[in-house]
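Following: one structure in structure tokens, then a few remarks.
The values are calculated or read from the model by the stated rules, or taken from the named source; none is laboratory data. Treat the numbers as computed from the prediction; the structure is a model and nothing was measured. Note: ideal-geometry Cβ built from the backbone for every residue, glycine included; neighbour counts use all protein chains shown.
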Amino acid sequence: MKRVPHTIDPRQWSPESPYIIGQAYTLHLGNRRVLRFTSKRLAGAYEADTKRWLKELILEGNLLLGQAMYDYREAWPTLSDTGSEEVNATDAQIRELLQQAVWHLDRATVRGTRASALLGVWADVERTFGRLGEAYRLLEQFWRYKTQGVLRYRMSTRARQCDEARDRMQEYGANVPQLDVAQPRAGGGGR
């Protein structure tokens, strides 16, 4: 018996098709997006790009953490000299937020290679930016109390940087069309 060649273009299939869903390779991102790829190679390439992107975010978070430590130490003599209970509580909150940011950033850098490691790194990086943003908002409020316009503006700018990083994390993967994802790079052929 003769075989009939299969001439259907897979890109024209519906992504909701049970056959496609069963044959697809999925990548779960930390922002609750699930991306489906037609081949393991494409899924692995996108996962590698995602890991590179997360490493850049970790470096950005590390830079902001270093700046936050410096900004806290700059405010520290003023925070500790007042004797006000409200200012002492602000000092303790900022210290706690910075310690949590350090803990989450350290945890993000030592995740393993299991399948769930990407989700854990994602969550820790997002929490790092969240804690840093909260610390900067507290420093902004403190400098508003001290009527220091330049320092207050610097703190609000850095808090916005943390918020923008979290927004980028929420939007990541939104522009990837399902099942027709990464086309081969130009000039990136085989042997």
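Residue 96 meets each of the listed conditions (1) closer than 19 Å to residue 60 by Cβ; (2) without any contact (Cβ under 8 Å) to a residue 60 or more places away in the chain; (3) surrounded by 13 or more Cβ atoms within 10 Å (Cβ to Cβ); (4) not aromatic (Phe, Trp, Tyr) apart from (1). Could you list, in sequence order, the residues of segment 50-63 that are touching a residue at least 24 places away in the same chain (Cβ under 8 Å) and over 10 Å from residue 105 (Cβ atoms)? Matches in segment 50-63: 50, 51, 53, 54, 57, 60.
Answer yes or no as to whether residue 168 is farther than 30 Å from residue 37 by Cα and modelled with pLDDT of 85 or more. So residue 168 fails the test. Just name the residue that is farthest from residue 119 (Cα to Cα) out of those in segment 30-57 that are of a type outside the set (Phe, Trp, Tyr), in contact with a strand residue (DSSP E or B) (Cβ under 6 Å, 6 or more places away or on another chain) and not in a helix (DSSP H, G or I). If we take residues in segment 30-57 being of a type outside the set (Phe, Trp, Tyr), in contact with a strand residue (DSSP E or B) (Cβ under 6 Å, 6 or more places away or on another chain) and not in a helix (DSSP H, G or I), then 36 is farthest from residue 119 (Cα to Cα). Restricting attention to segment 146-166, the residues being free of Cβ contacts under 8 Å to residues at least 40 places away in the same chain and farther than 18 Å from residue 65 by Cα number 4.
Within segment 58-65, can one find any residue that is within 25 Å of residue 171 (Cα to Cα), small (Gly, Ala, Ser) and touching a Phe, Trp or Tyr at 6+ places or on another chain (Cβ under 7 Å)? Yes, segment 58-65 contains a residue that is within 25 Å of residue 171 (Cα to Cα), small (Gly, Ala, Ser) and touching a Phe, Trp or Tyr at 6+ places or on another chain (Cβ under 7 Å).
Six or more apart or on different chains, Cβ under 7 Å: which pairs go from a residue in segment 22-46 that's farther than 18 Å from residue 122 by Cβ to one that's assigned to a helix (DSSP H, G or I) and charged (D, E, K, R)? Could you list them? Close Cβ pairs satisfying both conditions: 25/40.
Against the test of being within 24 Å of residue 59 (Cβ to Cβ), modelled with pLDDT under 90 and out of contact with any strand residue (DSSP E or B) (no Cβ under 9 Å at 6 or more places or on another chain), the options 128, 82, 113, 157 yield a single qualifying residue, 113.
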